[in-house]
Amino acid sequence: MANTWILIRHPDKEGDKEGVYLGDTAKITSAGQRQMDSVIPRLKLLSPTIITCSMLPRAVTLAKHIAKELGLGDPIQTGLLNEIDKPRFLIGRKREGRLHKTVMRAIRKEWNANTVPTRLLRGEKIRKRSEVERDLKRLIKMVEEFRPTHHAPVPDVLLSVTHAKLIAAIGQMLWNKDGSLRDYYDEADSKLKVSTTGITILTREPNRRTRKMQWHVKTWNEETHADSALEEFQDLINKVS
């Protein structure tokens with residue numbers, strides 16, 4: 001089973017700089033390509049034994065690059081690591097534009113009620129809060145029960161390449177006693193910011209009192225990837241270990 005779970009956000013993608021939402025197919029920019037190379041020395045220090053990723057191109061591209069550079073097997077792709085959905089008719093729209101802001105405001109407003117703003121979705125389907133919670137619980141259980149494979153005989157350190165909102169949601173799911181995403185948009189999404197190629201490290205350890213295994217956050221969104229800072233990162237990892 002995985003006792004260390006490393007979450008890394010995908011690199012810079014098309015549309016970010018321009019403030020335009022380009023949907024699931026957005027590709028990595030030239031700046032993102034450089035980020036992919038700069039993050040490798042840090043990930044080598046963490047020694048992941050198996051890698052998973054979302055099914056979106058920007059995450060798959062980074063995961064395959066990491067797998068090649070670290071000598072890991074092919075990334076395991078899963079929709080459970082995909083970003084929290086937005087309606088596809090927002091693709092190509094400015095994030096600060098009227099339509100995008102109106103739709104997202106309605107989604108946030110109805111989130112806690114576990115409904116979606118059907119009147120604004122133009123026939124499209126997006127997941128309600130309870131459906132996102134269900135999928136994240138499946139993901140966390142999958143991580144906790146990971147079995148060895150011929151690629152990773154001892155999958156103690158799992159690396160997942162995913163997305164900002166999903167990383168924030170995982171954090172909230174693990175911290176909330178009831179395992180819910182209530183108030184997600186007001187709390188985790190707005191406060192747990194995740195930068196491109198930011199690294200979050202979670203470790204699963206026994207509770208000192210109950211001895212029950214539980215997740216702890218060791219680092220959140222460590223985002224400095226200059227080679228000159230590797231020594232500092234090594235010190236950080238030593239403290240985590």
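Read the figures in this text as sums done on the coordinates, not as results from a lab. Because the structure is predicted, anything quoted here is derived from the model rather than measured. Don't worry about glycine lacking a Cβ; one is built from the backbone with ideal geometry, like all the others, and counts go over all protein chains shown.
Some notes on this structure:
- For I199, the residues 5 or more places off, or on other chains, whose built amide H falls under 5 Å of its own are N221, E222, E223.
- Region 178-186 - phi-based ³J(HN,Hα) in whole Hz, Karplus 6.51/-1.76/1.60, Gly and Pro as x: 8, x, 10, 10, 4, 6, 3, 5, 7
- Solution diffusion estimate, µm²/s, Stokes-Einstein, the chain, Kirkwood Rh from C-alpha pairs, 20 °C, viscosity 1.002 mPa s: 114
- Amide H contacts of T52 (H built 1.01 Å from N, in plane; Pro and chain starts excluded): I76, L159, S160, V161 sit under 5 Å, all sequence-distant by 5 or more or on other chains.
- Taking only the alpha carbons of region 69-159, we obtain Rg and Dmax values of 18.0, 51 Å in that order.
- Translational diffusion of region 29-103, µm² s⁻¹ [Kirkwood Rh, Cα pairs; Stokes-Einstein; 20 °C; 1.002 mPa s]: 149
- Cα gyration tensor shape for region 1-40, rounded if a/c is under 1.5, else prolate or oblate: oblate
- Across region 33-44, rounded Karplus estimates of 3J(HN,Hα) from the backbone phi angles (6.51 cos²θ - 1.76 cosθ + 1.60, θ = phi - 60°) give 4, 5, 5, 4, 6, 6, 7, 4, x, 6, 5, 4 Hz, Gly and Pro being marked x.
- Segment R88-K101, length gained on full extension (0.36 nm per residue, minus Cα span): 3.3 nm
- What the phi angles of region 21-32 give under the Karplus curve with 6.51, -1.76 and 1.60, with θ = phi - 60°, is a coupling list of 7, 10, x, 5, 8, 4, 9, 6, 7, 5, 5, x Hz, glycine and proline written as x.
- Mean residue ellipticity, 222 nm, helices only, the chain: the sum of -39500 (n - 2.57) across DSSP H runs of n ≥ 4, divided by residue count and rounded to 500, is -11500 deg cm²/dmol.
- Of every Cα-Cα pair in region 183-236, the percent that sits beyond 14 Å: 68
- Sum of side-chain charges, L174 neighbourhood, beta-carbon under 13 Å (Lys, Arg +1; Asp, Glu -1): +1
- The peptide list 113-123, 74-84, put in order of mean Cβ contacts within 10 Å with the highest first, becomes 74-84, 113-123.
- Distant-in-sequence amide H partners of K13 (H built 1.01 Å from N, under 5 Å): T29
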